[in-house]
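Novice: Provided herewith is a single structure, encoded as structure tokens, for subsequent inquiry.
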Amino acid sequence: MNPEKAPIIQMKNIEKHFGSVIALAGVSLEVFPGECHCLLGDNGAGKSTFIKTMSGVHQPTRGEIFFEGKPMQFHDPRDAIAAGIATVHQHLAMIPLMSVSRNFFMGNEPVKKVGPLKFFDHDYANTVTMDEMRKMGINLRGPDQAVGTLSGGERQTVAIARAVHFGAKVLILDEPTSALGVRQTANVLATIDKVRKQGIAVVFITHNVRHAMAVGDRFTVLNRGQTLGTAQRGQITPEELQDMMAGGQELVALEGSLGGTV
């Protein structure tokens with residue numbers, strides 16, 4: 001990354017214990033503005049625990065979190081959201097029968113006053129929703145279209161556009177392409193690229209190496225709660241990433257080939 005840039009978020013030696021179970025055993029990660037940092041690992045590698053610690057769901061047992069250069073303690077997800085860390089989960093928190101614009105502004109409803117009464121401002125919500133979705137490459141039939149009629153990729157894009165509109169500085173995407181077909185996956189990856197180009201930091205959690213290589217700037221591999229290394233684009237092949245995810249037995253040879261980057 002550009003040495004003049006400072007990381008927007010730093011996770012240093014993060015440990016998370018659940019009783020006698022050690023879910024994270026000293027994981028470190030830094031994410032820069034305008035980059036897509038891919039966090040890879042197989043099921044049970046610790047990815048979910050780590051992003052929940054980053055987003056305030058879990059408090060680390062040990063370790064430090066720095067946000068925009070300052071020590072940060074997130075007591076719950078609202079603290080992380082207020083700081084500018086937004087998470088789009090694999091199972092989207094949307095109401096299928098409700099319109100796209102209603103889902104877009106859920107929890108942040110714009111209101112207009114008519115005398116002493118306040119009403120949901122449909123015109124403002126509809127205009128913003130259509131504009132924001134168009135920026136992401138999605139042309140809706142109309143803002144009143146039910147979310148349930150959208151494809152999986154389009155719903156992901158609604159959630160991403162919503163997070164960006166409400167000021168996300170760091171966008172965490174939890175397996176956004178895992179249940180999508182080829183075309184819908186391509187649309188989501190294109191959306192990630194658009195978000196990154198706006199200067200927003202993207203943390204892309206996936207176990208699909210091909211999807212990570214399509215948009216990633218840097219790649220960190222987790223295995224059994226530990227970091228196996230971080231490599232920049234062009235310094236690692238898909239096969240090497242896959243080998244690391246499979247158990248890390250290739251790490252020693254990989255360190256030599258990358259000059260110690262990983």
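Novice: Between THR149 and ASP121, what FRET efficiency comes out of the Förster formula 1/(1 + (r/R0)^6) with R0 = 22 Å and r the beta carbon distance, rounded to 0.05?
Specialist: In this case the efficiency is close to 0.40.
Novice: So for the pair LYS112, HIS91, with labels modelled 7 Å out along Cα→Cβ, what separation do we get in nm?
Specialist: Placing both labels 7 Å along Cα→Cβ, they lie 3.8 nm apart.
Novice: What Kirkwood radius, in Å to one decimal, follows from the Cα pairs of the range 98-145?
Specialist: One decimal place: 11.2 Å for the Kirkwood radius.
Novice: State, to one decimal in nm², a quarter of the convex hull surface area for the C-alpha atoms of the range 1-92, i.e. the direction-averaged projected area.
Specialist: Dividing the Cα hull surface by four gives the mean projection, 6.6 nm².
Novice: Could you give the nm distance between label points at VAL57 and ARG134, where each point is 7 Å from its Cα heading toward the beta carbon?
Specialist: Result for the modelled spin labels: 3.6 nm.
Novice: Within 10 Å of each candidate Cβ there may be at most 12 other Cβ atoms; applying that plus a DSSP loop requirement, which trypsin sites (Lys or Arg not before Pro) in the range 4-67 survive?
Specialist: Of the trypsin sites (Lys or Arg not before Pro), the ones in loops of the range 4-67 whose Cβ has at most 12 other Cβ atoms within 10 Å are LYS5.
Novice: How high is the relative contact order of the range 98-145, in percent, with contacts defined as C-alpha pairs under 8 Å that are six or more residues apart?
Specialist: It rounds to 40 percent for the range 98-145.
Novice: If I compute solvent accessible area with a 1.4 Å probe over the protein chains, what percent of it on the range 98-145 is carbon and sulfur?
Specialist: 51
Novice: In a GNM of the chain with a 10 Å cut-off on Cα contacts, which of PRO96, PRO77, PRO143 has the highest mean-square fluctuation?
Specialist: Of PRO96, PRO77, PRO143, the most mobile in the Gaussian network model is PRO96.
Novice: Check which residues have an amide H placed less than 5 Å from ASP121's amide H, if you skip close sequence neighbours.
Specialist: Under 5 Å from the amide H of ASP121 lie the amide H atoms of VAL111, LYS112, each far enough along the sequence or on another chain.
Novice: Here's a follow-up. Give the relative contact order (percent, whole number) for the range 1-119; include only Cα pairs under 8 Å separated by 6+ residues.
Specialist: Worked out over the range 1-119, it gives 22 percent.
Novice: With the contact rule set at Cα under 8 Å and sequence spacing of 6 or more, what percent relative contact order holds for the chain?
Specialist: For the chain, the relative contact order is 25 percent.
Novice: Starting from the 7 Å offset along Cα-to-Cβ, what nm value, one decimal, do you get for the label separation of GLU15 and ALA82?
Specialist: A separation of 2.9 nm, rounded to one decimal place.
Novice: Now, a different point. With unit charges on the beta carbon (Lys/Arg positive, Asp/Glu negative), name the residue among ALA146, PHE119, PRO176 whose Cα is farthest towards the positive pole of the charge dipole of the chain.
Specialist: Projecting each Cα onto the dipole axis, the largest value belongs to PHE119.
Novice: Hey, another quick one. Just the accessible area per residue of the range 1-98, please: how many Å² with a 1.4 Å probe?
Specialist: On a per-residue basis, 52 Å².
The values are calculated or read from the model by the stated rules, or taken from the named source; none is laboratory data. None of these values were measured; they are calculated from a predicted model. As a convention, Cβ positions derive from the backbone with ideal geometry for all residues, glycine included, and neighbour counts pool all protein chains shown. Side chains are part of the model used for accessible areas, which takes the heavy atoms of the whole protein and leaves out ligands, DNA and RNA. Shrake-Rupley method; radii C 1.70, N 1.55, O 1.52, S 1.80 Å.
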